[in-house]
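Remarks on the structure that follows.
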Amino acid sequence: MTRSPGRCGHHVDGVVCGAVDGVRLFLPGWRCPAHTPAAVNGHPEATGQYCAPARCYCGRPGCPAYPTFIPLRRTTA
């Protein structure tokens, strides 16, 4: 089952944005590119090119946060 995108639910002073172009689902609901959680907080959108600035999860030496990478221990029973 696929859900069709809704309208942007961002609201200020009782006025809802209601945009339909480029709407994606986030934890707070459907948001247009101008009202994503990052945009509302004045931060750039994540590019997916590397991990968070303070924590590496990918383990690639080229990752800017690679010094924080800790490999998971794999155990077998």
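The values are calculated or read from the model by the stated rules, or taken from the named source; none is laboratory data. What you are looking at is a predicted structure, and each value in this text was computed from that prediction instead of being measured. For neighbour counting, all protein chains shown are included, and Cβ atoms are generated from backbone atoms with ideal geometry for every residue, glycine included.
Within segment 19-56, the set of residues being modelled with pLDDT under 80 and not charged (D, E, K, R) comprises Pro44, Ala46, Thr47, Gly48, Gln49, Tyr50, Cys51, Ala52, Pro53, Ala54. Close contacts from segment 10-37, counting a first residue that is on the phi > 0 side of the Ramachandran plot and a second that is surrounded by 11 or more Cβ atoms within 10 Å (Cβ to Cβ) and not β-branched (Val, Ile, Thr), with Cβ to Cβ under 7 Å and a gap of 6+ residues or different chains, come to Gly18/Arg7; Gly18/Cys8; Gly22/Cys32; Gly22/Pro33; Gly29/Gly9.
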